[in-house]
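For reference, the structure discussed in these notes is given below.
Laboratory data are not the source of any read-out in this text; all were calculated from the coordinates shown. Just so it is clear, the model here is predicted, and its values are computed rather than measured. In this analysis, Cβ positions are derived from the backbone assuming ideal geometry, glycine residues included, and neighbour counts consider all displayed protein chains.
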Amino acid sequence: MTISISTAGRPYRLAGTVFAAATVLALVACGGAKVGGSDSNSGSGTGKCGTFNLAVNPWVGYEANAAVIAYVAQTELKCTVTKKDLKEEVAWQGFGTGEVDAIVENWGHDDLKKKYIEEQKTAVDVGVTGNDGIIGWYVPPWMAAQYPDITDWKNLNKYAAMFKTSESGGKGQVLDGDPSFVTNDEALVKNLNLDYKVVYAGSETALIQAFRQAEEKKTPVLGYFYEPQWFFSEIKLVKVNLPPYTAGCDADAAKVACDYPKYALDKIVSKKFADANGPAYQLVKNFTWTNADQNEVAKYIAVDKMTPDAAAKKWVDANKDKVKAWLPKS
Amino acid sequence: MSTTTAPPPPSPTTTAAVAPARTGVRRRLSKPLVVAGILAVWVVGWLLLRGRNTLSLSPADLTPLHRWLNDVNDTVGANRNSNPVFLYFFNEIRLVVDTLVTFIQDLIAQPAYGRPVPVLGWLGVVALVAYAAWAFGNWKVALLAAGGFVLFGLQGLWRESMDTLALTLGAVLISLLIGIPLGIWAGLSDRFHRLITPVLDFMQTMPTFVYLAPLTLLFLIGPASATIATLIYAMPPAIRITAHGIRSVPAAPIEATDSLGASRLQTLTKVLLPLSKRTIVLGVNQTIMAALSMVTIAALIDAPGLGKTVIKALQTLDVGTAFNAGLAIVVMAIVLDRVTTAASVRVEEGRRNAGGLAERLRRPLLIGFGAVALVCAYMSYTYVWAAEFPAGSSLGSYLSRAATTVTDWAQSSLSGITEGLKNITTTVLLNPLQSLLTESPWWLVSAVVVGLALLLGGVRAAVIAAACLALLVASGLWQDSMTTLAMTIVATVLVMVLGVVVGVWMGRSGRADRVIRPVLDAGQTMPAFVYLVPFLALFAASRFTAIVAAVVFAAPVAIKIVADGVRSVSATTVEAAEAAGSNTWQMITKVQLPMARQSLTLAANQGLIYVLSMVVVGGLVGAGALGYDVVAGFSQGQLYGKGLAAGIAIVLLGIMLDRIARAAADNDPTPPEGIKV
């Protein structure tokens, strides 16, 4: 009987000790700053600009545009910027549902323009970003140096055997397929009578990795790629010249036998955002810069591993007059 | 049937054993011959008719079906704001889910209620998690949980981890709320079970990429869409495993309660649920794992958390940073897994130890530690140092650098070996199988498949196979489906080889199990996006890379199931075999594997489903075919319909292979052999 009483008492004493220790701990720790005590920043972002929903598509060039626009909107216009990481399709859909205000680097997408600008009338094109998009076939620089004539498409068949892989079934391999981009490459191979097979790498990651390895190990690779792209600040890929683009030569997808057109990259905003005509809209509308500008910011982010915000600040501080031209006039 | 014509047997039991054995011998003799015959006809047909009726379709081309699906998608999008279904149904669901997840986020992850920090800071979260782990599990998992959560902070990923945790908790909560009742229903009613099984197959094998964009149309961009995308994939295990638990309650206790005149509700609450509690917790466990495996994909529609870190790092091929975030996901999975497992064990032990000294000590400790946890929570609410994880730890960048170094080393020094491995597997295994499947006329392949299904699985399997094949033809993606099928078969075979070899090893050795299990957990939950970059370096963009990625993801499940099966072979059987003088090899091949046959079938089934769920990831690294179709459909508007059709084709392949394999396993007359050494 006595034993059971004492064992029943001990646990409660134990609990008491634990509790006392906790209280002491709490008292000792009470020295720190209190939450919300001296926070001066919390009141910012309440100008007439309001909230600005900026879509961020998943590639570094876009991230550079978005970073600079967001930084300027926050610091100069006192907007509350909400960046939303979205794939292109989903971002365009967001115009209709009112959750996206602007897309600030659009590559072509004529089908989406037709659907959302012409048919649903939920989006508006607000002009070019100043960046030119180039799409084409590229080889790593060591190949261009060793086989100078490889950059002419007429010589591609001569080198086809070099580009054989486990995937290309005895022919040369054209590594294709960032799934986000339209490709005519199967038609090109067929119509230019090239002894090649198109293999779908399936992601930008796979393409970059293929080029990086090829340059490092001096192995051959021929693939679909595009500029502006941060990867060019690491390795300067060399473009293969396909028969030059002329207006309308890509009208029939099955009969394409010419290079890709140059894309004037542009900005799309939601109709509602445009009609409200706020300062953030003015900023997006006025925003233009060059490929060199974008490459610089993209390099800060991709190679120097800066946060988008820090990269934008660095560029903006060095290019005050360019930024000034984008700000609303009033 | 043969019993009636057989001579009068000495006793009924022997006949029952002899008769199937006799037919079994006959069938075993003839079946392989017929199968070989069918395959020979196929090869001859392939030689004669190569390249005819292959129904090929180039990646940029569409069929009328694909265009029609595009139109449907457009119509839905255009009418979103005027349709009453949207206004009163989807919007309401969105509101509820959004509110729930945002509430959890406000609690632990995002600045809320006018404060610059969430309600609970890191100290409070760590204390409460550790307390819950101890209260429901034991002190070991409590330490693990506390350590794991502190690690997130040290990695510099506190906010991201809490966002991921909030989203996962939200999705798991809703999954269980809906899944467990449905699972109970499916456990009780055969009809409902039959009805829901294909739906669950669909939910688990339909690639997320296919419904990601439409989801944002239905539920808008935000936590609701991300949560719903996650729970579509995470709910099926809860339903399946609950149903399985209810179904495997032995008949004796149910009959006993029935004879006592218990009502159905009483039988359920007093017998079925208590007896299947452990299995149901396993379902909870798998639901959590499945939810965490969706973290990265959901990031493509702005789901907050660790997934975003992975995706962003991948844009610049920054393996180190992606690995750091991936590791946090793995650690979170392991913590949640071990805590729920410990909780299920505790349920058992608690019942046994009721009234012991430990039990009496427990209550005061519960109160004491509870008070400590509350104090910590209060401090993290009030003080900055306990609210925001102290910055300055360099663990994250150290881990990133280490991962980058290892990857660089592997890429430069192993690629010679890996190149050879890729080439051998591709030429010996993959290419012949693929040309046989893609270059034969579609009707020949279909005939062969239906014939094999009939022979191995019976009429039902053959009918299902025929239906699936017809739909594959209708999808317009026949040739892509066959290419994907070839890769799926090779990957599943590799998964099963690994499953049996490693599974038996783990099942026989507790030490091997302890060492390997965390590696398997990592394989299951480390986002594929993290290891794709080094894999691409080792194997280039190729079908083989896709196969390797699928094996990494699918083998852990198969291994775990086989190990579990081997371990559950009764100890007396094993001892008896040992006493009979069987050596290790005989023990494995004659006793443990045959006795674990059920587990092998389940392992093959789950292995296959997991391989199929990686088809899309394969499309990102050079697999082409259906995986690429789905990815391109997600990225390009005009290919949406084709992507949807490709997603359905993946589901069809899964259902077809699974039903044939299951029917074949049920049909196989070989009885589990006893001790016959």
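Based on Cα contacts under 8 Å between residues 6+ apart, chain B shows a relative contact order of 19 percent. Taking the average, over residues, of other Cβ atoms within 10 Å as the packing measure, peptides B:568-576, B:647-655, A:151-159 rank B:647-655, A:151-159, B:568-576 from highest down. Can you give the helix-only mean residue ellipticity at 222 nm for chain B, where every DSSP H stretch with n ≥ 4 adds -39500 (n - 2.57) and the sum goes over all residues, rounded to the nearest 500 deg cm²/dmol? Taking each H run of at least 4 residues, the total per residue is -26000 deg cm²/dmol.
Partner shielding of B:631-643 amounts to 5, given as the average count of beta-carbon atoms from other chains within 10 Å of each residue beta-carbon.
Shown for B:Ser56, B:Ser263, B:Ser380: other C-beta atoms within 10 Å of each C-beta, ranked fewest to most, produce the order B:Ser263, B:Ser56, B:Ser380. Between the residues B:Thr208, B:Gln155, B:Tyr131, the greatest Cα displacement towards the positive end of the dipole of the range B:85-237, with unit charges on the Cβ of Lys, Arg, Asp and Glu, is found for B:Tyr131. Net charge dipole, chain A: roughly 1040 debye, given to the nearest 20, about the Cα centre with Cβ charges of +1 for Lys and Arg and -1 for Asp and Glu. Would you work out if chain B is rounded, prolate or oblate? Take a ≥ b ≥ c from the square roots of the eigenvalues of the alpha-carbon gyration tensor; rounded if a/c is under 1.5, else prolate when a/b is larger than b/c, oblate otherwise. Cα axes put chain B in the oblate bin. The ellipsoid equivalent to the alpha-carbon distribution of the range B:415-496 has semi-axes of 28, 15, 10 angstrom, derived from the gyration tensor eigenvalues as √(5λ) and listed largest first.
Using R0 = 30 Å, the C-beta based FRET efficiency linking A:Thr219 and B:Ser435 works out to 0.70. Each of B:Ala453, B:Phe544, B:Pro527 was scored by the projection of its Cα onto the charge dipole of the range B:432-546, and the greatest displacement toward the positive side belongs to B:Pro527; charges sit on the C-beta of Lys, Arg, Asp and Glu. Net charge around A:Ile235, counting only other residues with Cβ within less than 11 Å of its Cβ (Lys, Arg = +1; Asp, Glu = -1)? Taking every Cβ under 11 Å from that of A:Ile235, the sum is -1. Here the simple spin-label model places points 7 Å from the Cα toward Cβ, and for B:Ile417 and A:Asp317 these points are separated by 4.8 nm. For A:Lys197, a cut-off of 18 angstrom between C-alpha atoms picks up these lysines, skipping any fewer than 8 places away in its own chain: A:Lys154, A:Lys158, A:Lys164, A:Lys171, A:Lys255. Relative to the longest principal axis of the Cα atoms of chain A, the long axis of helix A:2-29 lies at roughly 60 degrees. Summary of the geometry: the range B:231-260 and the range A:142-162, compared by the centres of their Cα atoms, lie 66 Å apart.
Peptide A:211-221 has a mean shielding of 2, counted as Cβ atoms of other protein chains within 10 Å of each residue's Cβ. The magnitude of the dipole of the range A:134-255, with charges of +1 and -1 set on the Cβ of Lys/Arg and Asp/Glu and taken from the Cα centre, is near 400 debye. Taken about its Cα centre, the protein assembly as shown carries a charge dipole of about 2780 debye when Lys and Arg each add +1 at the Cβ and Asp and Glu each add -1 at the Cβ.
Along the axis of the charge dipole computed for the protein assembly as shown (Cβ charges of +1 for Lys and Arg, -1 for Asp and Glu, origin at the Cα centre), the listed residues B:Leu100, B:Ser189, B:Val335 are led at the positive end by B:Ser189.
The residues packed around B:Ser509, meaning those with a beta-carbon under 15 Å from its beta-carbon, carry a net charge of +4 if Lys and Arg are +1 and Asp and Glu are -1.
Per-residue ellipticity at 222 nm computed for chain A from its helices equals -11500 deg cm²/dmol, with DSSP H segments shorter than 4 residues left out and the rest contributing -39,500 (n - 2.57).
For the range B:186-271, a/c is not less than 1.5, where a ≥ b ≥ c are the root eigenvalues of the C-alpha gyration tensor, and a/b tops b/c. That puts it in the prolate class.
When both bridge partners sit in the protein assembly as shown, DSSP labels roughly 55% of those beta bridges antiparallel.
With a cut-off of 14 Å between beta carbons, the residues surrounding B:Leu272 carry a summed charge of +3, where Lys and Arg count +1 and Asp and Glu -1.
Taking a ≥ b ≥ c as the square roots of the eigenvalues of the Cα gyration tensor, the protein assembly as shown is classed as oblate, since a/c reaches at least 1.5 and a/b does not exceed b/c.
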